[in-house]
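In what follows, a single structure is set out as structure tokens and then discussed.
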Amino acid sequence: MKTQNSSFDEHKVLHDLKHYLPAQAPLKDFIHHNTLHAFQNLKFEKGIRKASEMFGYKVSLSLGEYRNLFLSKKINEDILNQKIKERKGVNEFNTWKINLLTKTYDTSNNPRIGQLRATWKKEYYLDLDLIIQPELFRILCSYLDQGISIWNFPVLNKGFLSSIREMERNTFSSFFTSPRAKNLLLNENPTIESLLKILVGDETLYEQYLFDQQFSHSGWSGMVSVVEDQPETLLDPKKITLHDLIIFELLLEINALDSKFGETWAPIGNTIKTKPISLFEPVENTELNEVLAIWQDAYEWTYYEDVLTGIHAQSTNIKKEDKKSFQALFCIDDRECSIRRYVEQIDSQCETFGTPGFFGVEFFYKPEHGKFTTKVCPAPVTPKYLIKELETKTVRKKDAHYTKQTHSLFQGWIISQTLGFWSAIKLILNIFRPTMTAAASSSFKHMDKFSTLTIENTDPSNIENNLQVGFTIDEMIARVEGLLMSIGLVQNFAPIVYVIGHGASSVNNTHYAGYDCGACSGRPGSVNARVISFMANHPKVREGLITKGIVIPAETQFIGALHDTTRDEIEFYDESNISDNNKIIHQKNYASMQKALDLNAKERSRRFESINSKGDLKKVHEKVKVRSVSLFEPRPELNHATNTLCIIGNRNLTKNLFLDRRAFMNSYDYKIDKDGTYLFNVIKPIGPVCGGINLEYYFSRVDNYKLGAGTKLPHNVMGLIGVANGTDGDLRPGLPSQMIEVHDPIRLMVIVEHYPEVVLKTIQILPATYEWFINEWVHLVVINPDTKEMYLFKDGSFTNYTPLKKSVPAVNDISKIVEAELENLPVYSIN
């Protein structure tokens, strides 16, 4: 609110705070996003420098790190020279080359955030954060708790501030030690502005003070903001707002000051001699910023140059077999890049495709006996459909000592003396011989392989919780058509088309949702794979597809499956429905898949120092599986680490290239989509999904302290919503060091096979999509399918781009190189 004659606008300040605070959801919905989304309306370089100046974030590698990369040949000198000339001109080249290589700069960072509230320490010799935050964090954690606490928060049927007020009225103890703060809460219905008048005095400083305060614990404040806007992110919903948090914290500050000084202390605005610079003042572009920007540009293009050279040198006349042994649809996920390569290597007659792992079917999923529904489609999508699991055949295993009875006084003591000893013995055994347990997070537990799903809706009135149970025939036709058209699979169908979702298993991983499928809201894609396969096999759906020009042969069957990317295992669904002829084919394909999984596990093992990648294929794979359930292992897999590319086009663009598991790959055929209708649906999520993954890794890598989560080792799970260091720390947004330690902070390069004018028109349809490209938070290169010429998008238009090199190294067998190297590998052409 904005009172009369006041310059302070509460609603605007709260809106701005929510815009800049971290937007990471609770652990169960941990979905990657651009950490600095608040600055995405600016050009990348300007946006990150502004974020650094305002909040003290590190937004790039250090000058010393860039220089070391140059000395180790990881930044190419020819590329560096080119970037200096592009930005500074030929006449200034020598000066700027010296600046980059040898000039000394003051790299200290004195952020604007926190300068106003620092006055409490300087002038009052009082550390309000140290006094208040431990108690504040415990109260917030207790209120938002999703199941760790034995006892519920005392008052839960009201909002956060109302609950605090109710407790103050009806308990002997109090959160306050002085009368004024308690009286303000109970009797005066205080506003943010009225409390700031007591604490700050000068209303021109109110906004700055609130930013200082909330960014002193941006993790908790950001979580409150997310829960306020998206209450569905909590299974046990809680009513809390950023407004209520601020009111309570301001009262705690008044209480702390009154307890120390009585009620005679002066507002902070009366004691400062010079007002701190405003957070939102323009940011100067310094020479150091220019130097760092040139280094980052050269670092990125050293890598991009190899990729574009490899694609440019690829033969586009790769022979395509009309008769396919099988076809397989994988998620575009970069971790599926290598498994596709091995599947194609083992069976040269097969064909693989990449598409977002929810496979175009958006719904909520409710497992049988489950209390809650979960979203299994991209986070921004709000589904209208519900898929229910029925008739489960598998009994879910449980650890007996994980029971509510352990919380009671007498039963808890008895259980501790009996089952407690057995659980301790099991824990000790599992340390020395790790195995999958009931407590482990397994991707295959998301759905019972032998259950029934409510996929077809024959009665539109079948509604549950305002969701339609299943899909009608017309709705199925639309989704199968959309999927097949988007990837270019509209003819020459194989006898079997596998639809393979993915998930991950682990036992020591608080960020488990960040390892599953991002397109499924951080869940495995098993249900989606079964659902779209059922739809594509439905006789009436196939009849409808004929009218759309898609004829699927009667003998073709779609089979759903799930690839566990941590253990490199695969599970197929509804195998009992496979025809007799296709069963023989499926058995052969199954053997091929198993061989591909062994090879994929061996390739992945090169990153794991505890495993000798040169060992026997089966033994290496077994060690990878054991590693996934080891309590000692804080990195069950490296997930999206090193991701740098998103390739939208025909498989021939990259089929014979080794890209070291760094590319998201979305299949697309420009020939059946000349005007870009389907391209829009393909490219629309690339920014927020693939770009979001890339940038969260980027910023967590360059500033793991503020923009990442630090090391996992001291992490404590807070209320099942986030992690903190110890019991009283701030929530840690971003990714832990174990997820980013091998990551190169390079922006995503999106490569599209189509005509530049079509791509330009397509990305401009939606401003939110265009923003990613025009502001260069991701790069974009288009390959003309007729001429094979490359075009780089910059400043709103495409310009011709020709790689400096003519070829990349060629190899006959990549396995020997993979076995011998731990670091990121260059691009190779595989003969």
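Note on region 560-573: residues that are under 16 Å from Phe326 (Cβ atoms) and surrounded by 20 or more Cβ atoms within 10 Å (Cβ to Cβ) total 4.
Looking at region 122-143, which of its residues are outside any loop (DSSP other than H, G, I, E, B) and either more than 24 Å from Ala256 (Cα to Cα) or without any contact (Cβ under 8 Å) to a residue 12 or more places away in the chain (or both)? Steps first, answer last, please.
Taking region 122-143 and keeping what is outside any loop (DSSP other than H, G, I, E, B), we get 122-124, 128-143.
Matches in region 122-143: Lys122, Leu130.
Of all the residues that make up region 469-505, how many are within 19 Å of His563 (Cβ to Cβ) and open to solvent by 10 Å² or more (accessible area, probe 1.4 Å)? Number satisfying all stated conditions: 1. Among residues of region 573-587 that are under 13 Å from Phe534 (Cα atoms) and modelled with pLDDT of 95 or more, those with a beta-carbon under 9 Å from a residue that is surrounded by 12 or more Cβ atoms within 10 Å (Cβ to Cβ) and among the hydroxyl-bearing types (Ser, Thr, Tyr) at least six positions away or on a different chain give the pairs Tyr573/Ser526; Tyr573/Ser533; Asp574/Ser533. Taking (1) under 17 Å from Ala379 (Cβ atoms); (2) at pLDDT 95 or above in turn, Ala519 satisfies each apart from (2). Can you find a residue that is touching an Asp or Glu at 6+ places or on another chain (Cβ under 7 Å) and surrounded by fewer than 18 Cβ atoms within 10 Å (Cβ to Cβ) anywhere in region 42-49? Checked region 42-49: at least one residue is touching an Asp or Glu at 6+ places or on another chain (Cβ under 7 Å) and surrounded by fewer than 18 Cβ atoms within 10 Å (Cβ to Cβ).
Taken over region 145-155, the criterion of being surrounded by 12 or more Cβ atoms within 10 Å (Cβ to Cβ) and not hydroxyl-bearing (Ser, Thr, Tyr) is satisfied by Asp145, Gln146, Ile148, Phe153, Pro154, Val155.
Quick check on Leu17: is it aliphatic (A, V, I, L, M), at pLDDT 95 or above and open to solvent by 20 Å² or more (accessible area, probe 1.4 Å)? Answer is no for this residue. Restricted to region 580-687, the set of helices (runs of 4 or more DSSP H) holding at least 1 residues that are open to solvent by 10 Å² or more (accessible area, probe 1.4 Å), hydrophobic (A, V, I, L, M, F, W, C) and closer than 30 Å to Thr711 by Cα comprises 617-628. Out of the residues in region 339-361 that are of a type in the set (Ser, Thr, Tyr) and surrounded by fewer than 24 Cβ atoms within 10 Å (Cβ to Cβ), which is farthest from Phe664 (Cα to Cα)? The selected residue is Ser348.
Taken over region 334-347, the criterion of being of a type outside the set (A, V, I, L, M) and either closer than 18 Å to Leu653 by Cβ or assigned to a helix (DSSP H, G or I) (or both) is satisfied by Asp334, Glu336, Cys337, Ser338, Arg340, Arg341, Tyr342, Glu344, Gln345. With respect to Tyr57, determine if the residue is buried (at least 19 other Cβ atoms within 10 Å of the Cβ), at pLDDT 95 or above, among the hydroxyl-bearing types (Ser, Thr, Tyr) and not in a loop (DSSP other than H, G, I, E, B). Considered against the rule, which asks whether it is buried (at least 19 other Cβ atoms within 10 Å of the Cβ), at pLDDT 95 or above, among the hydroxyl-bearing types (Ser, Thr, Tyr) and not in a loop (DSSP other than H, G, I, E, B), Tyr57 comes out as no. Is it the case that region 781-791 has a residue that's in a helix (DSSP H, G or I), at negative phi and not small (Gly, Ala, Ser)? Taking every residue of region 781-791 in turn, none turns out to be in a helix (DSSP H, G or I), at negative phi and not small (Gly, Ala, Ser). In region 663-673, the count of residues that are at pLDDT 95 or above, within 28 Å of Met223 (Cβ to Cβ) and in contact with a helix residue (DSSP H, G or I) (Cβ under 7 Å, 6 or more places away or on another chain) is zero. In this structure, is Leu545 open to solvent by less than 10 Å² (accessible area, probe 1.4 Å), in contact with a Phe, Trp or Tyr (Cβ under 8 Å, 6 or more places away or on another chain) and at pLDDT 95 or above? It is false that Leu545 is open to solvent by less than 10 Å² (accessible area, probe 1.4 Å), in contact with a Phe, Trp or Tyr (Cβ under 8 Å, 6 or more places away or on another chain) and at pLDDT 95 or above. Restricting region 795-825 to residues that are exposed (fewer than 14 other Cβ atoms within 10 Å of the Cβ) and within 27 Å of the chain's Cα centre (by Cα) leaves a set whose member that is farthest from Asn41 (Cα to Cα) is Leu822.
Could you tell me whether Leu695 is in contact (Cβ under 8 Å) with a residue 60 or more places away in the chain, over 20 Å from Glu637 (Cα atoms), crowded, with 20+ Cβ neighbours inside 10 Å and aliphatic (A, V, I, L, M)? Walk me through how you get there before you give the answer.
Working: in contact (Cβ under 8 Å) with a residue 60 or more places away in the chain: yes; over 20 Å from Glu637 (Cα atoms): no; crowded, with 20+ Cβ neighbours inside 10 Å: yes; aliphatic (A, V, I, L, M): yes.
So Leu695 fails the test.
Might you let me know whether region 221-237 holds any residue that is over 24 Å from the mean Cα position of the chain (by Cα) and hydrophobic (A, V, I, L, M, F, W, C)?
Residues of region 221-237 that are over 24 Å from the mean Cα position of the chain (by Cα), as a first pass: none.
No, there is no match, as no residue in region 221-237 is over 24 Å from the mean Cα position of the chain (by Cα) and hydrophobic (A, V, I, L, M, F, W, C).
Quick one: is Glu555 modelled with pLDDT of 95 or more, among the charged types (D, E, K, R) and assigned to a loop (DSSP other than H, G, I, E, B)? Considered against the rule, which asks whether it is modelled with pLDDT of 95 or more, among the charged types (D, E, K, R) and assigned to a loop (DSSP other than H, G, I, E, B), Glu555 comes out as yes. What about Val742, is it surrounded by fewer than 21 Cβ atoms within 10 Å (Cβ to Cβ) and within 21 Å of Lys58 (Cα to Cα)? Against the criterion (surrounded by fewer than 21 Cβ atoms within 10 Å (Cβ to Cβ) and within 21 Å of Lys58 (Cα to Cα)), Val742 qualifies. For region 521-552, filtering for residues that are touching a strand residue (DSSP E or B) at 6+ places or on another chain (Cβ under 8 Å) and part of a loop (DSSP other than H, G, I, E, B) leaves 4.
Which condition number in (1) loosely packed, with under 13 Cβ neighbours inside 10 Å; (2) at positive phi is the one that Asn109 fails? With (1) loosely packed, with under 13 Cβ neighbours inside 10 Å; (2) at positive phi applied to Asn109, the lone miss is (2).
All conditions in (1) of a type outside the set (Gly, Ala, Ser); (2) more than 19 Å from Val307 (Cα to Cα); (3) at pLDDT below 95 hold for Thr787, with the sole exception of (2).
Tell me, please, whether a residue that is open to solvent by 60 Å² or more (accessible area, probe 1.4 Å), in contact with a strand residue (DSSP E or B) (Cβ under 8 Å, 6 or more places away or on another chain) and at negative phi can be found in region 757-780. Checking region 757-780: not a single residue is open to solvent by 60 Å² or more (accessible area, probe 1.4 Å), in contact with a strand residue (DSSP E or B) (Cβ under 8 Å, 6 or more places away or on another chain) and at negative phi. Return the pairs, sorted by first residue and then second, in which the second residue is of a type in the set (Asp, Glu), the first residue lies in region 527-542 and is touching a residue at least 60 places away in the same chain (Cβ under 8 Å), the beta carbons are less than 7 Å apart, and the residues are 6+ apart or on different chains. Within 7 Å, the pairs are Arg530/Asp574. Once region 362-380 is narrowed to residues that are β-branched (Val, Ile, Thr) and under 10 Å from Cys520 (Cα atoms), the residue that is most open to solvent (accessible area, probe 1.4 Å) is Thr374. How many of the residues in region 47-103 are without any contact (Cβ under 8 Å) to a residue 40 or more places away in the chain, polar (S, T, N, Q) and over 26 Å from Leu707 (Cα atoms)? Counting residues in region 47-103 that are without any contact (Cβ under 8 Å) to a residue 40 or more places away in the chain, polar (S, T, N, Q) and over 26 Å from Leu707 (Cα atoms) gives 6.
For region 27-54, a tally of residues being assigned to a helix (DSSP H, G or I) and at pLDDT 95 or above returns 14.
Could you tell me which of the residues Val758, Val723 is farther than 21 Å from Phe215 by Cα and aliphatic (A, V, I, L, M)? Write out each step before concluding.
Values: Val723 fails: farther than 21 Å from Phe215 by Cα.
Of the residues listed, the single one that is farther than 21 Å from Phe215 by Cα and aliphatic (A, V, I, L, M) is Val758.
The values are calculated or read from the model by the stated rules, or taken from the named source; none is laboratory data. A quick note: this is a predicted structure, and the numbers were derived from the prediction, not measured. Quick reminder, even Gly has a Cβ in these numbers, built from the backbone with ideal geometry, and neighbours come from all protein chains shown. Only protein heavy atoms, including side chains, enter the accessible area calculation; ligands, DNA and RNA are left aside. Shrake-Rupley method; radii C 1.70, N 1.55, O 1.52, S 1.80 Å.
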